[in-house]
Amino acid sequence: MLEILALGDHYQTVDPEQGLANVKPAATEVCRDRFRRIDRFTQLALIGSARCVQSADPGPKTGLYIGSRFASTGNTIAVHEKMVSAGVVPKPANFINTLSNSAGYFVARNLGLGDRNLFVSRGDASIVAALQLAAMDVASGSVCQALVGSVDEAVLPLEHHRYRLGLEPGTVMGEGSHWLLVAREAREGRSLATITDMVTLRDESALASWLDGLDGREQYRVSLSPWTRQQIASTCFKSRQMLTDFDPELAAYPGHATGAIIRYLQAGGSEPLIVIAADTDGRFHSVMVRPNRASA
């Protein structure tokens, strides 16, 4: 189990007419140092992580875990276009920013973290993978607590980005940087919620069996990303009366699951929330979050 001590994020729906919002001012506002030549993905990571810990001290023994489906997509596409189409060698900073863990370096430097710093990708379930890694390190005592986030940026043109994510044409797109500060135990009633389950299920049949194993005397709220909904038969939930849909009012993007957790806790939800996310190998990953009513 993991206790959620703090949360914070940055989210926006992408307006196809206005294009991508400028996030540099928000990144500058939360940065202790003036970082040069950082890309948009890193800026998003800096904003969300700083907002998460603004009212909590992460401490030196805090591990950093970032999940994302594609990491710095915009910068990576730009680098490859220059190399393949124009035959131009990319600038060193642009090439370095294509590395998945580059954003982790800047987040750690900005927040004064000096312990574990890991990046993981698992489709729409990247946050589950990141939480599982954090839980193992916290349980073993490798870190005292963990700052866990999912960061996913949108990339223009949106029709290409929808195809890249396997979404239906015309799907409303979003992007976000969502973060949780978690620990094995909470001091002085600081816990906002408890993460009681983090499970990986091989297919939809295994998911159905796991849902059937829930306590039927309880009521649960359930949230799925738009892409995950495309992978699941609707009957998987209609036949289970203890499950009620929770709509976080977020657009489609891989970090939807983490955004749903934060929106649910911010809204003061009291029932256990089950977030289900699919990966690209046909598996489903589920996280159960139980709000702490005493801290609500």
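If a/c stays under 1.5 just call it rounded; otherwise compare a/b with b/c (prolate if a/b is bigger, oblate if not). Do that for the range 195-296, with a ≥ b ≥ c from the square roots of the Cα gyration tensor eigenvalues.
Here the range 195-296 falls in the oblate category.
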For the range 1-89, which trypsin sites (Lys or Arg not before Pro) pass both filters: DSSP loop (anything but H, G, I, E, B) and at most 15 other C-beta atoms within 10 Å? ARG32, ARG34, ARG36, ARG37, LYS61
So how strong a dipole does the range 2-183 carry about its Cα centre when Lys and Arg Cβ are +1 and Asp and Glu Cβ are -1, to the nearest 20 debye? 640
Calculate, axis by axis, the spread of Cα positions in the chain along the three principal axes, and write the results as whole Å, longest axis first. 62, 45, 32
Could you identify which residue out of ALA134, ALA154, ALA56 has the top mean-square fluctuation in a GNM of the chain using Cα springs shorter than 10 Å? ALA56
Within 10 Å of each candidate Cβ there may be at most 13 other Cβ atoms; applying that plus a DSSP loop requirement, which GluC sites (Glu not before Pro) in the range 173-233 survive? GLU185, GLU188, GLU218
Round to the nearest 0.05 the FRET efficiency obtained for LYS61 and ASP33 when R0 = 30 Å and r is the Cβ-Cβ distance. 0.85
Could you tell me the calculated FRET efficiency between ARG109 and GLN241, based on Cβ-Cβ distance and R0 = 45 angstrom, to the nearest 0.05? 0.35
Mind checking which of LEU273, LEU211, LEU46 has the largest fluctuation in a GNM of the chain, springs on alpha carbons under 10 Å? LEU211
I need to check one value: relative contact order of the chain, counting alpha carbon pairs closer than 8 Å and at least 6 residues apart, in percent. 25
Charge dipole magnitude, Cβ of K and R +1, D and E -1 - the range 195-291, Cα centre, debye nearest 20: 80
Computed, not fitted: 222 nm per-residue ellipticity of the chain from DSSP H runs ≥ 4 (each -39500 (n - 2.57)), nearest 500, equal to -9500 deg cm²/dmol
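Each reported figure results from applying straightforward, stated rules to the coordinates on display, with no laboratory input. Bear in mind the structure is a predicted one, so any value in this text is a computation, not a measurement. With ideal geometry, Cβ positions are generated from the backbone for all residues, glycine too; neighbour counts draw on all protein chains shown.
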